[in-house]
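Take a look at the structure set out below.
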Amino acid sequence: MRIRLGVVGLGEGWERRHKPALLRLSDKFEIRSLYDEVAHRAAVQAAELECDAAGGFTALIERPDIDAVYFLGNSWSGVAPIQTACRLKKAIYHARRINGDCQAAQETIDKIRSSDVRFMAEFPWRFYPATIRLMELLASGLGSPQLVFCDQSVLVPEKPAAASRGEPDAEDVTLYTADWMRFVFARNPTAVQSASATPGNAGPCLGCETIVAEFGDSCLAHAMIRRYPQPTWSEAGQFGRPPSFHVVAEHGMAFVQMPSDVTWFDKSGRHDETLEMERSLGEMLSDRFYRIVVHGLTPSPGLDDLDWARRIVTHSRAASAAGRRQTFSV
């Protein structure tokens, strides 16, 4: 069975990751229609792929020959396209955060859940070889994680209009970080704290945000995300150790460098591994979505994972604003 696909939102992520993967998986996917806010971009891509360019997201989603929709970019239309897909019972591959204020985002998540459509959230860090190997190490000898540290630097365009369409931005990275911490612990957090700083002057750093999440039994995750303006401070912002991931477990520890490097320590000493990606990230993600839609695989990462990542971020920011620890009602 081939999934007849519509794509909403084109950009660098589409060109680099999703289009090549979907073309290589042509036995599983057939691209029927594309929509982008820039009509010319959609027309050029549709001509190349010999499919249709839709005049709007509603027209694309309403097509009877569309089984599933890839949402690949944040747009002015907010949550309306997702809600339309839910109403029409179209499967959803969601590559970015859900736009809108907290109430609108929660309403959309509730609508997806009540519609019972097949849904996959794109959390790419889970699929990197380094993460997969880390989870193997924890299960096979290092033991349960106790402390997790994540350190990220994000480059932010000095002019918002210059943001790369379809590329992860600072908000996406914060969401990815929250999901990765929860994924490593394999359970939901019980409480979060946060602190943030935004310099008042136009300097080399646009601000930083920390998230401290408790996972019970004295287990804790700490994340720091720094934001640097590009292109002026791109080289400085990328210099040094970040991004880095450090996991302290019962019987050792591991240092992860995405996408493929893991250095781990146990009682026997140090071990260095560099892993190869047998398939592209785009292929792994699309193949997982195919199995979710066609074979009934339990969605993972799914709606609950997206909801929890969003809750971690919003609760931590609420904790920062209130100056106190926030607990979760699970």
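See the values below:
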item	result
nm² value of the averaged projected area, convex hull over the Cα atoms of the stretch 63-146	7.9 nm²
Length-normalised contact order of the chain in % [C-alpha pairs under 8 Å, at least 6 apart]	20 percent
Inverse of mean 1/r across different Cα pairs in the stretch 3-117, Kirkwood, Å	14.2 Å
Point-to-point label distance, Gln230-Thr190, nm (Cα→Cβ direction, 7 Å offset)	4.0 nm
Charge context of Arg118, other residues only, Cβ under 13 angstrom, K/R +1, D/E -1	+3
Label-zone membership for the stretch 122-147, site Glu250, 7 angstrom Cα→C-beta point, backbone N under 12 Å	138-146
12 Å beta-carbon shell around Thr263, net charge (K/R +1, D/E -1)	-2
Using a Förster distance of 45 Å, the FRET efficiency for Arg16-Ala321 (Cβ separation, nearest 0.05)	0.80
Lysine pairs meeting the criterion (Cα under 27 Å, 8 or more apart or interchain), as found in the chain	7
Helix-only CD estimate at 222 nm, as mean residue ellipticity for the chain, using -39500 (n - 2.57) per DSSP H run (n ≥ 4)	-10000 deg cm²/dmol
Extension gain from Glu158 to Leu88, taking 0.36 nm per residue of separation minus the Cα-Cα distance	21.3 nm
Neighbourhood net charge (12 Å Cβ-Cβ; Lys/Arg +1, Asp/Glu -1) for Gln45	-3
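Any read-out appearing in this document is the output of simple, stated calculations on the displayed coordinates, not a laboratory observation. Keep in mind it's a predicted model, so treat the numbers as computed, not measured. Here the Cβ is made from the backbone with ideal geometry for all residues, glycine too, and neighbour counts use every protein chain on show.
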